[in-house]
1. Within segment 318-331, which residues are open to solvent by 20 Å² or more (accessible area, probe 1.4 Å) and either under 19 Å from residue 306 (Cβ atoms) or not in a loop (DSSP other than H, G, I, E, B) (or both)?
2. Restricting to segment 184-217, name every residue that is over 19 Å from residue 260 (Cβ atoms), crowded, with 24+ Cβ neighbours inside 10 Å, out of contact with any Pro (no Cβ under 8 Å at 6 or more places or on another chain) and not small (Gly, Ala, Ser).
3. For the list (1) out of contact with any helix residue (DSSP H, G or I) (no Cβ under 7 Å at 6 or more places or on another chain); (2) closer than 22 Å to residue 225 by Cβ; (3) not acidic (Asp, Glu), I need the number of the one condition that residue 148 fails.
4. Out of the residues in segment 218-250 that are open to solvent by 30 Å² or more (accessible area, probe 1.4 Å) and among the aliphatic types (A, V, I, L, M), state the one that is farthest from residue 184 (Cα to Cα).
5. Would you check which residues across segment 166-183 are open to solvent by 10 Å² or more (accessible area, probe 1.4 Å) and closer than 24 Å to residue 224 by Cβ and list them?
6. Return the residues of segment 265-309 that are closer than 20 Å to residue 224 by Cβ and of a type in the set (A, V, I, L, M, F, W, C); say none if nothing qualifies.
Amino acid sequence: MADDRQPNKSRAGGGGRSEGGRAGSGRPSSGRPSTGGSGRPSSSGRSATSSRPDASGGAGRPARDGTKPAGKSYGDKKPYQKRDGDKRPFSRDRKDDRREDRRPPRSDAERTQDQQRYDGPEIAEWITGKELDRDVAGQLKSLPEKLGLRVARHLVAAGELLESDPKTAYQHTLAARGRAGRLAVVREAVGEAAYAAGEYTEALAELRSAKRMNGAHDYVAIMADCERALGRPDRALTLLKNTPRDKFAPPLLAEVLIVEAGARRDRGELDAALRTLENGPLTSRSRLPWVARLRYAYADTLLAAGRPADALEWFHRAEAVDVDEVTDAGVRALEIERSLPQD
């Protein structure tokens with residue numbers, strides 16, 4: 001799930017997240033990669049259930065308790081429309097029906113599980129679906145009004161729960177996919193929520209599907225971070241190497257650099273990780289969250305490389321621009337100050 005998600009109006013869900021999340025310690029904890037932030041999306045400014053990559057790169061592994069790479073937003077995926085008279089939620093056409101007829105009948109428990117997945121978790125009454133980002137909502141207009149509204153409400157609910165209850169957020173996106181799985185925006189939402197919930201294999205599959213549908217590169221940082229979380233830093237580096245970066249906006253480029261540096265750390269290449277981050281706009285005058293996250297990742301990598309004095313300077317520089325408090329740079333700086341010899 002590279003490291004700065006920008007706050008927007010409620011993209012996929014009503015509560016837009018800020019561009020950076022609190023940066024964790026860089027050590028794996030909850031089971032999802034992070035970028036040193038709180039896990040909010042930001043690369044494209046829209047976010048379905050956005051997350052970001054580890055800002056600190058962890059100890060060479062994605063920090064499951066930090067932030068993840070930023071994602072897009074719920075907006076350009078179209079829900080699957082059932083055919084008239086088709087009572088089953090996942091039946092796409094008569095050919096599918098014939099295939100299903102050849103399978104052994106499912107037990108009542110199995111049918112119930114499928115129905116529960118299709119129905120999804122309960123949606124709060126206050127969620128109307130109108131909270132959805134305008135761009136995302138526009139991509140749902142190909143659906144019948146009632147169906148589109150149901151999908152929108154699930155996406156908004158997922159966005160609301162993405163950070164506090166990612167597992168339930170993921171279930172909401174699965175319910176949206178059951179109704180609109182042919183829309184790229186819905187597949188993106190599922191991928192982003194799966195990433196937040198620590199379901200990295202599923203996240204990769206969904207985001208690849210979305211990319212095949214719309215050709216977008218918005219989630220390349222999250223996809224690479226998933227490869228890291230699955231213990232495949234080489235694949236993460238290959239994916240990032242083969243992605244054109246010349247037109248990336250600064251937030252997405254920062255996310256990519258953070259994940260790339262994390263993959264280098266996974267391979268024990270601390271010097272290469274530092275060079276990767278030094279190629280980024282560390283001295284940018286912007287005070288947007290991605291700057292704090294990028295500086296935080298650099299400081300953490302300096303610390304891992306045995307350069308605490310330099311790390312202290314960059315933690316302070318990260319804190320200086322972290323107006324949204326997306327990292328814990330101040331806390332990390334204090335820890336280093338206490339550990340350094342006193343004159």
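The values are calculated or read from the model by the stated rules, or taken from the named source; none is laboratory data. Since we're looking at a predicted model, the values are computed, not measured. Reconstructed Cβ throughout: ideal geometry from the backbone, glycine too, with neighbour counts over all protein chains shown. The protein model used for the area step is the full one, side chains on, heavy atoms only, and it has no ligands, DNA or RNA in it. Shrake-Rupley method; radii C 1.70, N 1.55, O 1.52, S 1.80 Å.
1. 319, 320, 330, 331
2. The answer is 185, 187, 188, 190, 206.
3. Every condition holds for residue 148 apart from (2).
4. Among residues in segment 218-250 that are open to solvent by 30 Å² or more (accessible area, probe 1.4 Å) and among the aliphatic types (A, V, I, L, M), the one farthest from residue 184 (Cα to Cα) is 230.
5. 166, 167, 170, 174, 177
6. 270, 272, 273, 274, 277, 290, 294, 297, 304 - these are the residues of segment 265-309 that are closer than 20 Å to residue 224 by Cβ and of a type in the set (A, V, I, L, M, F, W, C).
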